[in-house]
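We did not get these values from a lab; they are worked out from the coordinates using the rules stated. These numbers come from a predicted model, not from an experiment. Positions of Cβ are backbone-derived with ideal geometry, glycine not excepted, and every protein chain shown enters the neighbour counts.
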Amino acid sequence: MQIDPALRMLGLAAKAGKVASGEFMTENSVKTGMAALVIVATDASDNTKKKCEFYEVPMYEFGIKDVLGHSIGKEFRASLAVNDEGLAQAIMKKMD
């Protein structure tokens, strides 16, 4: 099975301690201005997707909850925030 390069980059970001995962932690990172990128699972609720739009943080819908969580070594996650500008740029390049 081929692992998506963007998911590999998310795993590296998580190991570096630059990922906030889960709805509460993602929202906190966005509100405090730490988030450089938000990734929301395609099967997340509409309410989860709307929260980041107000703060104008780049947001991508990518994967499903199980895949997002697994990519960072956790169980399912509806949303993730990448808190490093360089890693966020690298992940966005892989997603495009």
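Couple of notes before you dig in:
- Sorting the segments 71-84, 33-46, 5-18, 53-66 by their mean number of nearby beta carbons within 10 angstrom, highest to lowest, gives 71-84, 33-46, 5-18, 53-66.
- Look at (i) 110; (ii) 86; (iii) 173: the one that is volume of the Cα convex hull per residue in Å³ derived from this structure is (ii).
- 21 Å Cα-Cα threshold exceeded, pairs from 31/93; 51/94; 50/93; 15/49; 50/74; 15/74: 31/93; 51/94; 50/93; 15/49; 50/74
- Over the chain, relative contact order from alpha-carbon pairs under 8 Å, at least 6 apart, %: 39 percent
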